[in-house]
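The structure appears below as structure tokens.
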Amino acid sequence: MTVAVWVVGARGQLGRAVSRELAASPDHDLLSVAPLPWAAEREEFEAAARLAVAALRERADRGDEWLVAWCAGAAVTGSTQEQLERELGQLEAVLRALTEHGPAGRTAGSIFYASSAGGVYAGSSAPPFTEDTAPSPLAPYGHAKLRAEGHVRAFAEATGARALIGRIANIYGPAQSLQKAQGLISHLAKAQLTSNPASIYVPLETVRDYIYADDCAALVRDALHRLAGCAPGTTVVKILASHQPVTIATLLGLLRAIAKARPNVMLGSSPVANYQAVDLRLRSVVWPELDRRDLLPLPAGINNVMTALRTAMQDGAL
């Protein structure tokens, strides 16, 4: 059975990696659809969503299953409520288009939603946090992620689609957007190659879980394969992480060893720091067998990021 795939946010870091993983699978066929116009007015955005889901429905009418992988999102911890509501509205528009104009509720299909472990567990107690931990967001960003998860869960229940919600740790890699106030490793690497220091607003003992984008995408692929055996209407929440807690101090030490120079950083303060947990260790207890895999070591991943940034600077692309 062929699965027709629409990766929403295919130009972003996670979307690119997920697209590569699914395209390499012989039973998945990625649709060639125009990127959604994220900056457009609501009517234009909804029209574009309807065109994309029409392509999915056409494939479903021919007997294929379907998959929507939502890897989009420009919001960060410090985003305004207006920005968060806009992104939630765009997710709702796509889910509505899938239900009213696409294959949802008519043929077998699945949806993946990329959520944020840091966002939803920032105020939770007793790390390491698992899928059994009660979410406790500190920032509006985390609350918005939980609302989005609720929309996806309701969509699955109403249409019979299977849903995978991936609560993702700190994802990093060469394709990280430097336009976002997110992605500490990439911002540290860029600072190391320029005269502008990276700012750190949290204590150096702050613990995070860093997972390389390609490793995260492989986990998404395998979790989706496992999801296919679940009953229609099922929603599965899984933490996608490396399970290797690292302090920022350790991260700076690795950067120093790789760059053979003192990290170009500046310690400061920011109101956004109040939204950050000091200890964000993670441990997945859902389908833990999927986590038994070799992951790219953090030093190798940091080196890949630095190499990509150095090349981009030499090419004038940065």
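Counting only Cα atoms, segment 157-227 measures 53, 24, 20 Å along its principal axes, largest extent leading. Sparse packing (at most 14 other Cβ atoms within 10 Å of the Cβ) combined with a DSSP loop state is found for the following GluC sites (Glu not before Pro) in segment 1-94: E41. With a Cα cut-off of under 24 Å and a minimum spacing of 8 residues unless on different chains, the lysine pairs in the chain number 4. Using a Gaussian network model of the chain in which every pair of alpha carbons under 10 angstrom is joined by a spring, one finds that among A104, A148, A47 the greatest mean-square fluctuation is at A47. Taken about its Cα centre, the chain carries a charge dipole of about 720 debye when Lys and Arg each add +1 at the Cβ and Asp and Glu each add -1 at the Cβ.
Pairs of Cα atoms under 8 Å, at least six residues apart: use those to get the relative contact order of segment 57-210, whole percent. Reported relative contact order: 24 percent.
Taken over the alpha carbons of segment 175-318 as equal point scatterers, the Debye sum produces base-10 log I(q)/I(0) values at 0.22 Å⁻¹ of -1.43. Expressed as a whole percent, the accessible surface of segment 179-221 that belongs to carbon and sulfur atoms is 49, based on a 1.4 Å probe.
Note: segment 105-174, Cα convex hull, 105 Å³ per residue.
Throw me the Rg/Rh for the chain, computed over C-alpha atoms with Kirkwood Rh, two decimals. Don't skip to the end; give the middle numbers.
On the way: Rg = 19.5 Å, Rh = 20.2 Å.
The Rg/Rh ratio comes out at 0.96.
Per residue of the chain, the DSSP helices (runs of n ≥ 4 H) give a summed -39500 (n - 2.57) that works out to -13500 deg cm²/dmol at 222 nm. The longest part of the chain holding none of the exposed loop trypsin sites (Lys or Arg not before Pro), meaning those outside H, G, I, E and B in DSSP with at most 12 other Cβ atoms within 10 Å, is 63-259. Would you mind estimating how fast segment 82-231 diffuses translationally, via Stokes-Einstein at 10 °C and 1.306 mPa s with the Kirkwood radius over Cα pairs, in µm²/s? This corresponds to a translational diffusion coefficient of 91 µm²/s. Across segment 51-116, how large is the tail of the calculated P(r) beyond 17 Å, expressed as a percent of all Cα pairs? Beyond 17 Å sits 46 percent of the P(r) for segment 51-116. Mean sequence separation of contacting Cα pairs (under 8 Å, at least six apart), scaled by the length of the chain, corresponds to a relative contact order of 20 percent. Annotation: segment 1-141 has a Kirkwood hydrodynamic radius of 16.3 angstrom, from the mean reciprocal C-alpha pair distance.
Taking a probe of 1.4 Å, how large is the accessible area per residue of the chain, in Å²?
45 Å²
The P(r) of segment 58-162 has a tail past 15 Å containing 65 percent of all C-alpha pairs.
The values are calculated or read from the model by the stated rules, or taken from the named source; none is laboratory data. Because the structure is a prediction, the values reported are computed rather than measured. Every residue, glycine among them, receives a Cβ derived from its backbone with ideal geometry; neighbour counts consider all protein chains shown. SASA here: full protein model, heavy atoms, side chains in, ligands and nucleic acids out. Shrake-Rupley method; radii C 1.70, N 1.55, O 1.52, S 1.80 Å.
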